[in-house]
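Single-structure report; data block below.
No value in this document is a laboratory result; all are computed from the given coordinates. Only a predicted model underlies this, so the values are computations on that prediction, with no experimental measurement involved. Virtual Cβ from ideal backbone geometry, glycine too; neighbours counted across all protein chains shown.
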Amino acid sequence: MRDDFEISTNNAILRETCPACGEPHKDAGCPYWIFWRGTKRAICQNCLEEHAPDMLEDVSIRNTDFFLEEGFKGGRERGKTQAERKLEKIRHYLNRDPVEFYQFDGFADAKADGLIEPDRDGDWLCWGQTVELMHGATVRMLVVPGTPNADVLRLIDKIKEIVAREGFIDLTEDDAPF
Ligand SMILES: [Zn+2]
């Protein structure tokens, strides 16, 4: 049956009948969807999960890319684009398996409270094990836009010190700060 399916552009959110199982559905409400080959008849989510989960993942990635591009072009109403991007991001991550990581967080200009004790530069760092729905790089660094270079480099140096000093310690779930 999978050979009868093809990915195509779409903009219909009308209720329609699935050509594979005959059930009514409104699953095709996104820029790309999966149709019966050579037609504009949309396959339902249930049939796709059963017969072509790989195509569902492919379509999810295409839709994510589409919304990201739209967001960057600023060609749509901003709030709507943000909401669509969020939805597509969530759909995208639904296809990912949880993977364990070590996480290092560095805060510049940290405010002291019962838990947070900034060092003499005003920095505070915490680290431990976490689980994320991502894969790819061996080491990934995320930086908040607008952070001064000096802050980024100073915090990286401190993370390097922690890795050199402590390595990667196995924490129990109770001890993990994330
Ligand atoms: Zn169906």
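Odds and ends about this structure:
- Label-zone membership for segment 114-140, site residue 89, 7 angstrom Cα→C-beta point, backbone N under 14 Å: 133-134
- Cα convex hull volume per residue for segment 99-166 (Å³): 120
- For segment 133-159 versus segment 1-71, the inter-centroid distance based on Cα atoms is 37 Å.
- Peptides 32-39, 90-97 ordered by average Cβ neighbours within 10 Å, highest first: 32-39, 90-97
- Residue 116 paired with residue 40, simple spin-label distance in nm, labels 7 Å along Cα-to-beta-carbon: 5.3
- Sorted peptide list for 152-162, 123-133, criterion being average Cβ within 10 angstrom, highest first: 123-133, 152-162
- Candidate lysines for bridging to residue 86, where Cα separation is under 17 Å - those fewer than 8 sequence places away on the same chain excluded: 73
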